[in-house]
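Okay, so here's the structure we're looking at.
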Amino acid sequence: MGTGLILGIESSCDETAAAVVRSGREVLSNVVSSQIAMHALYGGVVPELASREHLRNIVPVVREAMAQAGFGYADLDAVAVTAGPGLAGALLVGISFAKALSFGLGKPLIAVNHLEGHIHAVLMQAASSMPQTEPLVALVVSGGHTHLYVAHQVEGLWQYRNIGRTVDDAAGEAYDKAAKMLGLPYPGGPWMDRLAAFGEAAAVPFRLSEINRGTQQEPTFDFSFSGIKTAVLRHMQLHNMQAAAEERRRAFSSFAVLTLDDALTLFEPSALNVIAGFQAAVVQNLVARTLAAARHVSAETIVVSGGVAANSALRNAFLAAASEKGIAVSFPSPALSTDNAAMIAAAAWSRFAHGDFANETLNAAPQLRLGQA
Ligand code: KG4
Ligand code: ZN
């Protein structure tokens, strides 16, 4: 009889994370060391610096996760690690460490897809509070990904079909790029979210293109966010808004911490309208495509995860639209919405139960896909 304890390790992008989760549900520890402050100096994630920081942080982060869980390494049933997708050098730090640990301990090693982890961040919390009907539709929306999946279980193992994806930028990436144009610091998504409430979306309407790579019988529910980025830039050029953005950039870089009130004094109403218009268009698009996918596969459960799932307008719009359609929608708690290792340990649970283990040949898979297209 095992203990049900899985140590999860995540290092795919800019967070070094480790967590101990019991039976895929109960989070005993969830330690995340974020590199955001360092990458913010460069306006985005710098891969070489990310690998170096993971190397520096992996040992203390894992130790802390074990200490907080209150168990010893001998009590673990397995070690789970993110195999991809992500930055090759960053993934390798977690994978090498997990391999060494699992072989040193004589415990199974489990490879987890980061995107499946994001979905399980919601499933592990929602299961107790919400009836989960299958198939369910999952929207994974972050700085690196915008994917729609249909998921269901076969003998306890989750199967995925990728029925939509962005054909260019991820939604979070578009948020960050638009924010940057407007003079906001990286990552700009959370700032855009907070500032949008102070603008008039109808004053600057943006439209997103409808993409469908599929057929009439087998449609796909795709996204494109690079057009709106260009539209924001064009709007700013047309209305001479760039000098003010440059001034904000300087102001933001000279403050260590800026409150929302401070930030608001730096924004003219027309810039707040751009933010509101951007957010309204992106949120409308994400919600409409996800609901269309759910309708197509007759799903009554939607899970939304990834960094952008923290967006308040997105949450409200999903809740409103879903309740109107009689669909249940769940989001991760804030702690589990951005990259973490609890979601990796949770996703590993059914693989553990099925004896689906990795071996010493496990390698980083930067382009790893989830499910069939
Ligand atoms: O999942 P995540 O932490 O990292 C990966 O990209 O995997 O997602 C980070 C992304 C960033 O683009 C960030 O700007 C965006 O999520 N984000 C938000 C919000 N919070 C985080 N975007 C819009 N509104 C938010 N509240
Ligand atoms: Zn992620």
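The values are calculated or read from the model by the stated rules, or taken from the named source; none is laboratory data. Everything numeric in this text was worked out from a predicted model, so none of it was measured. Every residue, glycine as well, gets a Cβ built from its backbone with ideal geometry; the counts of neighbours run over all protein chains shown. Please note that ligands, DNA and RNA were not included when accessible areas were found on the heavy atoms of the full protein model with its side chains. Shrake-Rupley method; radii C 1.70, N 1.55, O 1.52, S 1.80 Å.
Quick one: angle between helix 242-254 and the longest Cα principal axis of the chain, in degrees between 0 and 90, rounded to 10, please. Orientation of helix 242-254: about 50 degrees from the principal axis.
For the chain, the longest principal axis of the alpha carbon atoms and the long axis of helix 269-297 meet at an angle near 50°.
For segment 228-342, what's the relative contact order in percent, using C-alpha pairs closer than 8 Å and at least 6 residues apart? Walk me through the numbers on the way to the answer.
Details: 62 pairs, mean separation 24.8, N = 115.
Relative contact order of segment 228-342: 22 percent.
Could you work out the equivalent-ellipsoid semi-axes for segment 243-295, taking the square root of 5 times each eigenvalue of the Cα gyration tensor, largest first, in whole Å?
In descending order the semi-axes read 32, 12, 9 Å.
Express the accessible area of segment 132-334 per residue in Å², computed with a 1.4 Å probe while the remaining protein chains stay in the model. Display every interim value, and only then the final one.
On the way: 8990 Å² over 203 residues.
Normalised by residue count, the accessible surface of segment 132-334 is 44 Å².
Each Cα pair under 8 Å and six or more residues apart adds its separation to the average, and for the chain the resulting relative contact order is 26 percent. With all pairs of different C-alpha atoms in the average, the Kirkwood value for the hydrodynamic radius of the chain is 21.3 Å.
Extension gain for the segment Arg56 to Asp168, taken as residue separation times 0.36 nm less the Cα-Cα distance, is 37.0 nm to one decimal. With respect to the chain, whose longest principal axis is taken over its alpha-carbon atoms, helix 47-69 is tilted by about 50°.
What shape does segment 228-373 have by the C-alpha gyration tensor, where a ≥ b ≥ c are the square roots of the eigenvalues, rounded means a/c under 1.5, and otherwise prolate means a/b greater than b/c and oblate the rest? Don't jump to the answer; show the numbers that get you there.
On the way: a/c = 2.33, a/b = 1.62, b/c = 1.44.
Prolate shape, in that a/c is at least 1.5 and a/b is the bigger ratio.
Among the lysines, which have Cα under 29 Å from the Cα of Lys107 when same-chain residues fewer than 8 positions away are ignored? Reachable lysines: Lys99. When +1 charges are put on Lys and Arg Cβ atoms and -1 charges on Asp and Glu Cβ atoms, the dipole computed for the chain relative to its Cα centre reaches about 260 debye.
For segment 130-255, what is the convex hull (Cα atoms) projected area averaged across all directions, in square nanometres? Write out the running numbers ahead of the final one.
Working: hull surface 44.6 nm².
Result: 11.1 nm².
Give me the one-decimal nm value for the distance between modelled label points at Gln367 and Glu324, 7 Å along each residue's Cα-to-Cβ direction. Between Gln367 and Glu324, the label points sit 4.0 nm apart. Considering only Asp169, Asp262, Asp356, the mean-square fluctuation computed in a Gaussian network model of the chain, springs between alpha carbons under 10 angstrom, is largest for Asp262. Of the residues Leu272, Ala299, Ala310, the one whose Cα sits farthest towards the positive end of the charge dipole of segment 243-313 is Ala299 (charges of +1 on Lys and Arg Cβ, -1 on Asp and Glu Cβ, taken about the Cα centre). Packing, as the average of other Cβ atoms within 10 Å across residues, places the peptides 139-151, 30-42, 272-284 in the order 139-151, 272-284, 30-42, highest first.
For a protection proxy built on the mean count of beta-carbon atoms within 10 angstrom, sort 160-167, 242-249, 228-235 highest first, please. Intermediate results must be reported in sequence, preceding the final value.
Working: 160-167: 19.4, 242-249: 14.5, 228-235: 17.4.
Ranked by mean Cβ neighbours within 10 Å, highest first: 160-167, 228-235, 242-249.
Mean-square fluctuations from a GNM of the chain, with a 10 angstrom spring cutoff on Cα atoms, peak among Val137, Val304, Val204 at Val204. Mean sequence separation of contacting Cα pairs (under 8 Å, at least six apart), scaled by the length of segment 132-334, corresponds to a relative contact order of 29 percent. The accessible surface of segment 132-334, taken with every protein chain in place and a 1.4 Å probe, is 53 percent carbon and sulfur.
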